[in-house]
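S.K.: Let me begin by handing over the structure; questions about it come next.
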Amino acid sequence: GPEYVTYLNRDGMSFVPFEELKKRLTSPEKAERAPEVDRPELPEAEVLHSILVIDDEPSVNNNIRKILLKKGYTVDQALTKREALEQIERRAYKVILLDLKIPGVNGLELLAAIREKSPESRVIIITGYATIETAKETARLGAVDYLAKPFTPEEIRISTENAFRYAA
């Protein structure tokens, strides 16, 4: 009989014959209107475990990346607002870690832009300038967690796991 595969789409999970799924994902009309998460060049596992880290400090960015790579996540990085928005245009991310203080950028405006471009992404705020006011404002704008620097690898891991657990 045909080989069946698990396929996760916006309507949930289903089991379909592999050849049917291949046709569905590679047909020209589907490819034209499909979001990147449905395109075959992005393996399903990578989409399901994809993270973008946005922090202007390379050392912080790299440390977070190392922590998450050890847990098996696919991690991309951005050091600037422009890089971040370009990455989000190119790829769907389940979780985005965002530093609120990037030089020349209003972190709250960047959060709003990210939520507009990628509403399905779960955003975790990381900041060295934690206040109750910004925590409330980021929650209002759709952030799912708020971590104050310095944070531990365990805090990053738990926050990220929770974001994936509750991702749409």
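Readers should treat all values here as calculations from the given coordinates under stated rules, not as data from a laboratory. The shown structure was predicted, so the numbers you read here are calculated from the model rather than taken from an experiment.
S.K.: Quick one: 3J(HN,Hα) in Hz for the stretch 159-164, Karplus 6.51/-1.76/1.60 with θ = phi - 60°, rounded, Gly and Pro as x.
M.R.: Per-residue couplings from phi come out as 4, 5, 4, 5, 4, 5 Hz.
S.K.: Under the 0.36 nm per residue contour assumption, what length would be gained going from the current alpha-carbon distance of E83 and A148 to full extension?
M.R.: Full extension of this stretch gives 21.1 nm more.
S.K.: Considering only DSSP beta bridges where both residues belong to the stretch 90-161, give the percentage that are antiparallel (nearest 5).
M.R.: 15 percent
S.K.: Can you give me the orientation-averaged projected area of the convex hull built on the Cα atoms of the stretch 116-168, in nm²?
M.R.: Hull-based average projected area comes out at 3.8 nm².
S.K.: If I stretch the segment between Y129 and K101 completely, what's the gain in nm (0.36 nm per residue apart, minus their alpha carbon distance), one decimal?
M.R.: Additional length available on full extension: 9.3 nm.
S.K.: If the chain between F164 and E109 were fully stretched, how many nm would it gain, using 0.36 nm times the residue separation less the Cα-Cα distance? Write out the running numbers ahead of the final one.
M.R.: On the way: separation 55, 0.36 × 55 = 19.80 nm, distance 2.37 nm.
Stretched out fully, the F164 to E109 stretch lengthens by 17.4 nm.
S.K.: In the stretch 45-165, what % of DSSP beta bridges are antiparallel (nearest 5)? Don't skip to the end; give the middle numbers.
M.R.: Numbers: 2 of 21 bridges.
Of the beta bridges lying entirely in the stretch 45-165, close to 10 percent run antiparallel.
S.K.: Between rounded, prolate and oblate, where does the stretch 45-165 land on the alpha carbon gyration tensor, with a ≥ b ≥ c its root eigenvalues, rounded for a/c under 1.5, else prolate if a/b exceeds b/c?
M.R.: Because its axes are fairly even, with a/c under 1.5, the stretch 45-165 counts as rounded.
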